[in-house]
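What follows is a single structure, written as structure tokens, with notes after it.
Derivation of every value follows stated rules applied to the coordinates shown; laboratory data play no part. If you're wondering where the values come from, they're calculated on a predicted model, not measured in any experiment. With ideal geometry, Cβ positions are generated from the backbone for all residues, glycine too; neighbour counts draw on all protein chains shown.
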Amino acid sequence: MAKVLRIGNSSGFWGDEPHALRRQLKLGKLHYVVADYLAEVSMSILHKQQKRDPDLGYVSDFIEHVGIGLEYLENQKIITNAGGNNPIGCALELQKLLSVNNIDKKVIAVVGDDLMNNVLSLSKSNSFSHLDTGVLFNEVGNKLVAANAYTSSEGIVKALKYGADIVITGRASDSALTIGPLIYEFAWETNDWNKIASAMIAGHILECGSQATGGNFSDWELVSSWDDFGFPIVEINEDAQILVSKPGNTGGLVSVNTIREQLIYEVGNPKAYLGPDVIADMSEIELEELSDNKVKVSGVKGIPPPDTWKVSMAYHHGYKASGSIMVGGDQSLEKCKVIIEAFWKRLGLDFEKTQVNRIGIDSLGKALKSESNEVLLQFVAFDSDKSKLVKFAKEVSGLILSSPQGISAATSRPRVQDVIAYWPTLVNKADLKMDLYEVYEKDSKLIDSFTPIDHVERAETDFPSESFEPSQIDILIADVQSIEVKMKELCLVRSGDKGNNANIGILPRTKDIYQFMKKNLTEKVISGWFNDLGVTQVDKYSLDNMMGLNYVLHNVLDGGGTVSGRIDSQGKMLAAAVLSQKVWVPQYVYDSIQK
């Protein structure tokens, strides 16, 4: 029988469920646990921590999570990017915890993704222009607070060859955490592109934790036991066949549809999903439900990666403050109108950017507009002049006694915050140097240094969006043979952010629905649903094998992350907005659901 490796995930983001690692160690029967804690904004937060205290700069939650699961920490190896900007510091703290509990583990830290000290020298051979807008780096270079490359699996593989039980990296790419142990255990060649792409897809399924096991699932009503959620496990053999499951006797759901949703999450062109190890092509993936909570994934193809790695930079972009009051009772909308007008007039200042969110009414855009007798009225302001934000903060609380009846304090006086903006760019991987440190309880030792491997092979990395010819039927206009239904009846939907852009993956439930949507759910229709959110362009991609349509919406998140004044700054609610839309479809298309 072919060797099979079992890898489970215990964290999808910084702030994930604290007991997930313990549950995976206890129930998963795993060889490896991978734990992803980082996102674009995380690195800038960690840099701020480290500026206050040089010993910080890592995700301390990881140490807590290991502590909770210590009694089940046996032979499983752990791979995590919790090291953030200080992998060695994280490893030192972990070794202290292990030593106190008389646990002997070899811990190796992978260092080299943090480019902050080398940005000036690297800029001589790298333009560092903005990946989406093309704006030149000199616009923000003197305001930079963080710069981290999304590194490949190479450092993880080397650490495992040195005998690591626990590998702690900085901003490794999400999938690298899974690719590394697979290359090491199966001795795959790093240019066996189909196998490496399969490993990348396995990592993509795992990287967001319980999103692969029913979290954020469109058909959430099918999910059981929300209080005891099972995190995902992948079993992979030497031929790169993938089986997705979760621990027995845990809640959640693994099905073809939960995996379809996760596969299309936060990708651009699904036929060219870029990573530092490989470019994965999802267009021939096959999904097969073998039994309850077990799905087989096969048919992944891969092509060589580019010679550049993505870099997540962050720079100081002024200040922001936000404050809220609760507005309730009859005529709440009329009250909000009076309060909003009065607030800005009283303040008498112009800001670089402002936002008013009527939470409970339309704060998520017109596509999710509703009616309510209770409104959380939130004021947000941005400016490079901090003194303006100080005045703003003092004015919000003054509304409580000088507004229409039905007002309640919702927050304390707003706090003025630094705004750290996201700057995605590229770096030549040949310009980087990676280091491996074996870390003990009180010190560390450099054990290896290397320049990332550069395969001679190259693939075309310009993958334009597809062109579709709409049919003569307009999805928004009924005829005598049409029926109006909610998108929820027709499709699954998952959405997520990439900086100021967002992707919406739409997964029709039947082939007839897919063929109809592919022709009629145009970029224009999607743009129309979200035109109040400022979308400037929509790209559309199709996946016939998975009946999937992926839409990338440009400039839809008001800057995204900390720069956005919106409640949904990461685009997670765009999927809910799509599911709630009513559309006209031919009767035969709707009837295909019942077949």
> Karplus couplings for region 68-77 from phi (6.51 cos²θ - 1.76 cosθ + 1.60, θ = phi - 60°), rounded to Hz, Gly and Pro as x?
Replying inline: 5, x, 3, 5, 10, 7, 10, 9, 5, 9
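Using Cα pairs under 8 angstrom and six or more residues apart, how large is the relative contact order of the chain, in percent?
Across the chain, relative contact order equals 14 percent.
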> In whole angstrom, how far apart do the alpha carbon centroids of region 95-143 and region 308-352 sit?
Replying inline: 33
> How much length is gained if the chain between Glu286 and Lys337 is pulled fully straight, taking 0.36 nm per residue apart and subtracting their Cα-Cα distance, in nm to one decimal?
Replying inline: 13.1 nm
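In a shell of Cβ-Cβ distance under 12 Å around Trp309, excluding Trp309 itself, what net charge do Lys and Arg (+1) and Asp and Glu (-1) give?
That sum, taken over residues with Cβ under 12 Å, equals -3.
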>> I need the phi-derived Karplus couplings for region 507-524: 6.51 cos²θ - 1.76 cosθ + 1.60, θ = phi - 60°, integer Hz, Gly and Pro marked x.
In response: 10, x, 7, 9, 5, 5, 5, 4, 4, 5, 5, 4, 7, 10, 7, 7, 4, 5
> Around Thr151, which amide H atoms from residues at least 5 apart in sequence, or from another chain, sit under 5 Å from its own amide H, with H modelled in the peptide plane?
Replying inline: Ala172, Ser173
>> Explain nothing, just compute: Karplus ³J(HN,Hα) = 6.51 cos²θ - 1.76 cosθ + 1.60, θ = phi - 60°, for every residue of region 236-252 in order, whole Hz, x for Gly and Pro.
In response: 10, 9, 5, 8, 6, 7, 10, 10, 9, 8, 8, x, x, 6, 10, x, x
> Long-range amide H contacts for Phe229: which residues qualify at under 5 Å (H placed 1.01 Å from N, peptide plane, sequence gap of 5 or more or a different chain)?
Replying inline: Gly251
> Can you give the relative contact order of region 316-421 as a percent, counting alpha carbon pairs under 8 Å and 6+ residues apart?
Replying inline: 47
>> Report the rotationally averaged projected area of region 387-470 based on its alpha-carbon convex hull, in square nanometres.
In response: 17.0
>> Going by amide H atoms built from the backbone, whose H comes under 5 Å of the H on Ile447, apart from near neighbours?
In response: Leu436, Tyr437, Glu438
>> Could you work out [θ]222 nm for the chain from helices alone, using -39500 (n - 2.57) per DSSP H run of at least four and dividing by all its residues? Round to the nearest 500 deg cm²/dmol.
In response: -7000 deg cm²/dmol
> Could you name the lysines in cross-link range of Lys310, using Cα to Cα under 19 Å and dropping any fewer than eight places away on the same chain?
Replying inline: Lys124, Lys271, Lys429, Lys433, Lys498
> Could you give the alpha-carbon Rg of region 482-594 over 2.2 N^0.38 Å, rounded to two decimals?
Replying inline: 1.07
> region 177-274: D in µm²/s via Stokes-Einstein (Kirkwood Rh, Cα pairs, 20 °C, 1.002 mPa s)?
Replying inline: 152
> So which lysines can Lys388 reach, going by Cα to Cα under 16 Å and dropping same-chain residues fewer than 8 places off?
Replying inline: Lys320, Lys345, Lys353
